[in-house]
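Structure first, then comments.
The values are calculated or read from the model by the stated rules, or taken from the named source; none is laboratory data. Please read these numbers as outputs of a predicted model, since none were measured by experiment. In this analysis, Cβ positions are derived from the backbone assuming ideal geometry, glycine residues included, and neighbour counts consider all displayed protein chains. Remember, those area values only see protein heavy atoms, side chains included, never the ligands or the DNA or RNA. Shrake-Rupley method; radii C 1.70, N 1.55, O 1.52, S 1.80 Å.
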Amino acid sequence: MTGKEKKFKDLVKFVVILVVVFFVILKSAGIISSEPLSPVPIYIKSSAKRVSYSLMEKRKGSICPILQGGLGNRLFQFATAFSAARSKNMNIFIPSDAEIRDVFEITDTINESKELCKGFRKVLDRASPTYHKNLMNFSSTDNIQLGYGLQSWKYFYMYDKQLKKQLTFRKHIQNEAKQTIDKILQRWKIKSRRSVNLVGIHIRRGDKVTSYDDGYKIATPEYLNRSVNYYAKKYSAVLFLVISDGMSWSRENVPSHVPVAYISLGKRELDMATLVACDHTIMTIGTFGWWIGYLTGGDVVYMKDAAVKGSRFEKVLNIEDHFFPHWIGL
């Protein structure tokens with residue numbers, strides 16, 4: 001080995017030693033790590049699309065029924081919204097101060113203020129007593145306000161059992177209705193509730209007597225006579241209970257050849273609950289009587305010619321959509 005080769009070899013050793021010393025110093029200072037570096041991937045598959053689809057699948061839409069009008073109208077609006085929410089797996093929002101919450105034991109809903117629903121899109125039924133299937137063609141992820149008539153059993157019959165559970169009268173209302181019936185039975189000297197068929201009669205008059213333009217026919221003495229006779233012939237022991245917003249007319253025109261008791265408790269929910277505690281129903285016109293028949297069960301008699309010929313009401317009323325097929329039109 002020549003002198004030059006020896007010097008070059010010593011220089012290489014010195015550089016190697018210098019590098020090792022420098023590496024040890026950097027490591028002890030924490031500037032570098034002895035852990036192996038992970039290889040950098042050339043392609044990373046994004047999960048953003050998969051996550052967004054997952055969120056869409058889990059997201060539930062909401063229905064806010066627009067509760068307006070009388071108690072019967074509000075029940076149609078609630079019943080349709082309840083059924084739609086069930087069938088589409090959506091939330092249903094009912095304000096905590098809604099009247100129907102004071103009357104019924106509604107539990108399968110979410111308490112929310114009216115403010116929450118104000119920005120929701122409106123889906124409105126403008127032809128009340130007719131079924132419109134397309135009205136329910138909204139997405140289960142939509143947030144909507146559902147309102148106006150919705151007066152067809154076809155919107156909610158598939159959830160009949162669940163709906164009737166929601167529309168159980170609050171206990172204090174049930175108790176007052178029972179006390180009213182017990183007093184009537186005592187007055188007529190009927191010892192057992194099971195020994196008599198109670199038939200509730202709702203006679204709607206009030207504003208309908210003078211509202212000629214809306215096309216509703218009010219009950220006639222002839223209709224009441226036919227209805228009463230239907231039950232008197234069918235059942236051996238019958239007692240009729242009458243509620244009305246025209247009690248003077250009712251007392252004069254309800255047939256007198258059958259036992260009749262007249263009820264006026266001062267609150268519509270108490271009147272309704274008392275008739276719902278009966279076995280059967282005679283309704284005249286209006287949604288209040290319709291719901292008495294529905295919640296009572298049993299036989300339900302209705303006016304088959306409830307609309308004035310040529311009126312707007314006759315044009316929008318679909319008998320098959322509004323009245324159950326097993327109800328009796330007289």
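How much length is gained if the chain between Arg86 and Ser192 is pulled fully straight, taking 0.36 nm per residue apart and subtracting their Cα-Cα distance, in nm to one decimal? This chain segment gains 34.1 nm when fully extended. Take the alpha carbon gyration tensor of region 165-245, find the square roots of its eigenvalues, order them as a ≥ b ≥ c, and report rounded if a/c is under 1.5; if not, report prolate when a/b exceeds b/c, else oblate. It comes out oblate by the Cα gyration axes.
Would you mind getting the accessible area per residue of region 242-317, heavy atoms of the protein chains only, 1.4 Å probe, in Å²?
Numbers: 3000 Å² over 76 residues.
In whole numbers, region 242-317 has 39 Å² accessible per residue.
Computed extension length for Glu252-Ile319: 21.2 nm, one decimal, from 0.36 nm per residue of separation with the Cα-Cα distance subtracted.
Here region 301-330 is scanned for amide nitrogen atoms under 12 Å from the site 7 Å beyond the Cα of Asp214 along Cα-to-Cβ, giving 313. Run the quick spin-label model on Ile110 and Asp182: label points 7 Å from Cα toward the beta carbon, then report their separation in nm to one decimal. Roughly 4.2 nm, to one decimal.
Surface composition of region 88-182: carbon and sulfur make up 46 percent of the accessible area, probe 1.4 Å. Annotation: extensible slack from Gln174 through Lys309 equals 44.6 nm (criterion: 0.36 nm per residue apart, minus Cα-Cα distance). Each residue, Lys122 and Lys165, gets one label point 7 Å from its Cα in the Cβ direction; the gap between the two is 3.4 nm. Accessible surface computed residue by residue for region 80-125, with neighbouring protein chains in place and a 1.4 Å probe, gives 49 Å² per residue.
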